[in-house]
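A quick write-up on the structure given underneath.
The values are calculated or read from the model by the stated rules, or taken from the named source; none is laboratory data. Fair warning: this is a prediction, and the values are worked out from it, not measured in the lab. Quick reminder, even Gly has a Cβ in these numbers, built from the backbone with ideal geometry, and neighbours come from all protein chains shown.
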Amino acid sequence: MRRLIRFIRNLALLLIAAIVILAGVLVFNVVKHGSRQIQVAAIPRVAIDAQAVAARLSEAIRFRTISSHEKPDQHAEALRGMQAHIEKSFPAFHAAAKREIVGQYSLLYTWEGSDHKMPPIALLAHQDVVPVAPGTEKDWQQPPFDGVIADGFIWGRGSWDDKGNLYSMLEAAETMTKGGFRPKRTIYFAFGHDEETAGTAGAKAIAALLASRGVRLDFVVDEGLLITEGMIKGLDKSAALIGVAEKGYASLVLSAQATPGHSSMPPRDTAIGMLSAALARLEDHRLPMHIRGTVAEMFDTLAPEMNGFNRVVLSNLWLFKPLLLREFEKNGPSEATIRTTTALTIFHAATRTTCCPATPKPPSTSA
């Protein structure tokens, strides 16, 4: 009996010691993760006419600058209309910068710097937007191309991606030009017209043009993420999420064929049924989750800015990584940061509810 008591006591002491050591390691890692933020004094806010700024972006949204692989010129009139609106809206900047049309519809502005020894930079945005799926307009909170201003927001296709970015740059440049500012280094503003369809006619042509002129950029700033408030659990401060990496992609086509037959006497296994089962398996067997590279650096940087248990978790991923992965897996956008995603996007099948048995070619379906 004494041996049992002694064994239990020793086991309890070992357990307590292990807990103390673990707690010590956790606390050490929390303390070790000091803030990396640079303390910078806030500059005075520039007075702007918010209503006028919102009105200009609202009007830009009404130009249906929809890019298309199949018909690249179908919205040429909308692109030219928006470009005329840009020229009219920012006269001081247009007087200070050189404007060029590249690849028929893309814009390249050169704002010459005072010090030619300094390498130039480029600020990027795109004029085009993706289409709205026919029949879904009623599902929008506001019409996609009306540019409605309501509830503190500017609503519509492109208000964020990416006309909001484009017009913000021009608003800033216009205000600074009116104030007599001239940059030390040359600044290029490159606004493609087909970014949503890979940018082969716009961004690629601009890059080739700058390369032919021997231009070597110090850095570029393109569309990215947000300055978030309250989006990250456990973080009370605002967080600027800067995109420094980009996913690649692969588009795959899956197809299935089955014996044709009238819908009143269908075969046991239909093409749609077989393909649906395959697609369901793809969604059920997703690629593994990882925390590495830029994502790991982001967590490492955020850790000391977190509060409570969230700071302990991010400072000790060696222990809490499974817990963090489970949390991120619950939400689509957060899950996309930690795994290669699988998205089922387009589905084609038969065009009729019945099919003639005498059809010579087996019906097929693809996704």
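Key figures for this structure:
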read-out	value
In region 328-337, the residues that are polar (S, T, N, Q) and either surrounded by 13 or more Cβ atoms within 10 Å (Cβ to Cβ) or in contact (Cβ under 8 Å) with a residue 12 or more places away in the chain (or both)	334, 337
In region 209-237, the residues that are surrounded by 12 or more Cβ atoms within 10 Å (Cβ to Cβ) and either small (Gly, Ala, Ser) or on the phi > 0 side of the Ramachandran plot (or both)	224, 234
Residue among 358, 350 that is farther than 30 Å from residue 237 by Cα, among the aliphatic types (A, V, I, L, M), modelled with pLDDT under 90 and surrounded by 15 or more Cβ atoms within 10 Å (Cβ to Cβ)	350
Number of positions in region 245-270 that are acidic (Asp, Glu) and under 36 Å from the mean Cα position of the chain (by Cα)	1
Residue that is farthest from residue 169 (Cα to Cα) [pool: residues in region 50-85 that are among the basic types (Lys, Arg) and assigned to a loop (DSSP other than H, G, I, E, B)]	71
Residue 171 touching a residue at least 40 places away in the same chain (Cβ under 8 Å), within 24 Å of residue 82 (Cα to Cα), out of contact with any strand residue (DSSP E or B) (no Cβ under 8 Å at 6 or more places or on another chain) and not in a strand (DSSP E or B)	yes
Options 133, 96, 125; residue that is surrounded by fewer than 16 Cβ atoms within 10 Å (Cβ to Cβ) and closer than 29 Å to residue 201 by Cβ	133
Test set (1) assigned by TED's automatic domain parsing to the domain that holds residue 167; (2) small (Gly, Ala, Ser); (3) in a helix (DSSP H, G or I) - residue 12 fails condition number	(1)
Qualifying residue in region 252-261 (condition: touching a residue at least 40 places away in the same chain (Cβ under 8 Å), of a type outside the set (Ser, Thr, Tyr) and within 30 Å of residue 193 (Cα to Cα))	yes
Top-ranked residue of region 5-63 - restricted to ones that are among the basic types (Lys, Arg) and surrounded by 10 or more Cβ atoms within 10 Å (Cβ to Cβ), ranked as farthest from the chain's Cα centre (by Cα)	6
Qualifying residues in region 275-322 (those that are surrounded by 12 or more Cβ atoms within 10 Å (Cβ to Cβ) and aromatic (Phe, Trp, Tyr)) - the one farthest from residue 252 (Cα to Cα)	320
Contacts under 7 angstrom Cβ, first residue in region 338-355 being among the aliphatic types (A, V, I, L, M), partner in a loop (DSSP other than H, G, I, E, B) and modelled with pLDDT of 85 or more, 6 or more apart	338/290; 338/291
